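Asker: Please find one structure pasted underneath; my questions will follow.
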Amino acid sequence: MENVFRLVDNKDFFARRCIMVNGPVIVGAGPSGLATAACLRDQGVPFVVLERAECIASLWQKRTYDRLKLHLPKAFCQLPKLPFPEDFPEYPTKKQFIDYLESYAKHFEINPKFNSCVQSARYDETSGFWRVKTVTSTESTRSEVEYICRWLIVATGENAECVVPEFDGLSEFGGKVVHACEYKSGESFRGKKVLVVGCGNSGMELSLDLCNHNALPSIVVRSSVHVLPREMFGKSTFELAVLLLKWLPIWLADKLLLLFSWLILGSIEKYGLNRPSVGPMELKNMEGKTPVLDIGALDKIKSGGIKVVPGIKRFSSGQVELVNGERLDIDSVVLATGYRSNVPSWLQEGDFFSKNGFPKQRFPHGWKGNAGLYAVGFTRRGLSGASSDAMRIAQDIGKVWKGETKQIKKRTTACHRRCISQF
C-alpha cells in the first residue's frame, strides 16, 4: 500500500488516465501474447493485453500473402492447452490458423484492448511498479492511458516492424516497389519481370507464387543459404531434426540432414544456391537463421522459371545492376527482407534486452528479467518456442500470485474470527 501512495505522489500521476492492473500487462496480442494470456488464465491470474492493431495476430491477418501455410506440421505450431481441430490438414492455411487463434482467444476469454499503442514502459523503482504509457486511437478520438502493473510481459515478438534496406538508386527506379508484408498474390504481377530481394522462406515462396501466376521472377541470393525439402522419407524435416537431436550431437545431425537433402534434391550449388559452411541446425542455434523448407520453388529454379541472381549494386530507371556487372530490365521489386523487433523504441530498460530488441540471454534462459519483466516469442524457435516461454512465465507469476492470495485469505479468515469472538 505504501508503494501505491508513493506512485500517487508522483507529479504526473494525474496528468493522464491511469489504470491500476491487478496482475500482469501483456504487450502484444499475437500468438505469443495469446499463449501467455491463456496460461495465466489457467493459473487463475488476471491480466490485461494491449494491442496496437484492431485485431489479434495482426501480422497474420494484415501482413501475410494469401497462399501462406504453416511451414511446420501443426503438432509443432499449436498453442498451449488447446490443440488444432482434428480435421485441420498437417500444414494449416493462413485462414485456418487465424480461425484457430480467434477460437483460442474466445475459449480462454482473452479480450485485448485494441488500438492501444504503447509509447513507453519503464520500471518505477520508487513505487516498485511498471508504468506503461499508451495512446489509444479511433476514427474520432485519441486518448492517453497509463497502466500501472507489477509484472510486464513483452510479447511483441521478432517480427514487429518491416526491414527495408537502402539501395543505391532505388528512388530512380520508377517501378512498383513493395515489401513482402504488402504482397498478397502474384495476380497483379502477371506478365511482369519481378525482382525478389531476399532468399529466405518468404522470398522463395513469393517467387514460386509469382511464377505460378505467369510472372517472370528473379530472386536475389547474395549469400549462402540452406535449402532443405519440407519432408524427408514421409516425415517433416523439422520433426526428423528434432528426433536426430535427441540422440546425436548437432554436427552429426546436420551432416545426416544434408546427406538426406542431397539424396532428395540433388546438388543445388550449380543453380547459384551455395550452402553455408555451418550446418542448418547449428546455424539456426548460432544466428537464428532458419533454413528454407522447399515447397516447389527449387523445381522452378531448376527449370528456369525462377532465375537466381547475385547481390544488387544499384538501381536505375527500369533496371537493376548486379554485383557481377549484369543488368536486368525489371518492372517491379518485392522486398522479402524480413522483420525486426521494435522493443528498443518503447521499453526503457537496458539490462534484459539488447539493442537489437532481443533478450541478451539465449534460449532457454531469455524469458525472465528483473523486477517482474518477462519476454515471450523471442526464442527464434517459432511457435513452439513461444509456447514454452508462455508456460514458464505463467507458472512463475502464478506461483507468486497463489502464494500471496493464500496469505490474504488467511489474514481475512483470522480477522473474521476475531470479530466474531468479540460478540
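Asker: Touching a Leu at 6+ places or on another chain (Cβ under 7 Å) and within 29 Å of F353 (Cα to Cα) - does that describe any residue in the range 173-183?
Answerer: Checked the range 173-183: at least one residue is touching a Leu at 6+ places or on another chain (Cβ under 7 Å) and within 29 Å of F353 (Cα to Cα).
Asker: Follow-up question, since we're still on this one. Going residue by residue through the range 125-145, is there one that turns out to be free of Cβ contacts under 8 Å to residues at least 24 places away in the same chain, open to solvent by 20 Å² or more (accessible area, probe 1.4 Å), part of a strand (DSSP E or B) and within 20 Å of F47 (Cβ to Cβ)?
Answerer: Yes, the range 125-145 contains at least one residue that is free of Cβ contacts under 8 Å to residues at least 24 places away in the same chain, open to solvent by 20 Å² or more (accessible area, probe 1.4 Å), part of a strand (DSSP E or B) and within 20 Å of F47 (Cβ to Cβ).
Asker: Does any residue of the range 270-282 turn out to be among the aliphatic types (A, V, I, L, M) and outside any loop (DSSP other than H, G, I, E, B)?
Answerer: Quick first cut of the range 270-282, residues among the aliphatic types (A, V, I, L, M) only: 273, 278, 281.
Checking the rest, the ones that are also outside any loop (DSSP other than H, G, I, E, B) come to 281.
Yes, the conditions are met somewhere in the range 270-282.
Asker: In the range 306-319, how many residues are surrounded by 19 or more Cβ atoms within 10 Å (Cβ to Cβ), closer than 19 Å to G175 by Cα and touching a helix residue (DSSP H, G or I) at 6+ places or on another chain (Cβ under 8 Å)?
Answerer: Of the residues in that region, 1 qualify.
Asker: Step by step: first the residues of the range 216-258, then only those that are among the charged types (D, E, K, R) and in a loop (DSSP other than H, G, I, E, B), then the one that is farthest from P73 (Cα to Cα). Which residue is that?
Answerer: Here the answer is R222.
Asker: If you don't mind, another one. Restricting the first residue to the range 318-336 and requiring it to be over 11 Å from V194 (Cα atoms) and among the charged types (D, E, K, R), which pairs with a second residue that is open to solvent by 70 Å² or more (accessible area, probe 1.4 Å) and modelled with pLDDT of 95 or more meet a Cβ separation below 7 Å and a spacing of at least six or different chains?
Answerer: From the range 318-336, the pairs are E321/K313; E321/R314; E321/R327.
Asker: Continuing with this model, one more query. Yes or no: the range 157-167 includes at least one residue that is closer than 14 Å to L210 by Cα, open to solvent by 10 Å² or more (accessible area, probe 1.4 Å) and assigned to a loop (DSSP other than H, G, I, E, B).
Answerer: no
Asker: Hey, can you tell me all the residues within the range 320-365 that are open to solvent by 40 Å² or more (accessible area, probe 1.4 Å), in contact with a Phe, Trp or Tyr (Cβ under 9 Å, 6 or more places away or on another chain) and within 25 Å of K289 (Cα to Cα)?
Answerer: Residues satisfying the conditions are P344, K360, Q361, F363.
Asker: Given the conditions (1) charged (D, E, K, R); (2) under 22 Å from the mean Cα position of the chain (by Cα); (3) at pLDDT 95 or above; (4) within 30 Å of S137 (Cβ to Cβ), and given that E109 satisfies all but one, which numbered condition is not satisfied?
Answerer: Here E109 meets the rest and fails (2).
Asker: Tell me, yes or no, whether the range 287-300 has at least one residue that is under 27 Å from L210 (Cα atoms) and of a type in the set (D, E).
Answerer: yes
Asker: Still on this structure, I have one more. In the range 275-305, which residues are open to solvent by less than 70 Å² (accessible area, probe 1.4 Å) and over 25 Å from the mean Cα position of the chain (by Cα)?
Answerer: R275, L298, K300, I301, G304, G305
Asker: Show the residue pairs meeting these rules: Cβ distance below 9 Å; 6+ apart or different chains; first residue within the range 227-242 and of a type in the set (S, T, Y) and at pLDDT below 90; second residue part of a loop (DSSP other than H, G, I, E, B) and open to solvent by less than 60 Å² (accessible area, probe 1.4 Å).
Answerer: As it stands, the answer is none, since no pair meets every condition given.
The values are calculated or read from the model by the stated rules, or taken from the named source; none is laboratory data. Note that the coordinates shown come from a computational prediction; the quantities given were computed from them, not determined experimentally. When we count neighbours, we look across all protein chains shown, and the Cβ atoms used for this are built from the backbone with ideal geometry, even at glycine. To get the accessible areas, we keep the full protein, side chains included, count just its heavy atoms, and leave off ligands, DNA and RNA. Shrake-Rupley method; radii C 1.70, N 1.55, O 1.52, S 1.80 Å.
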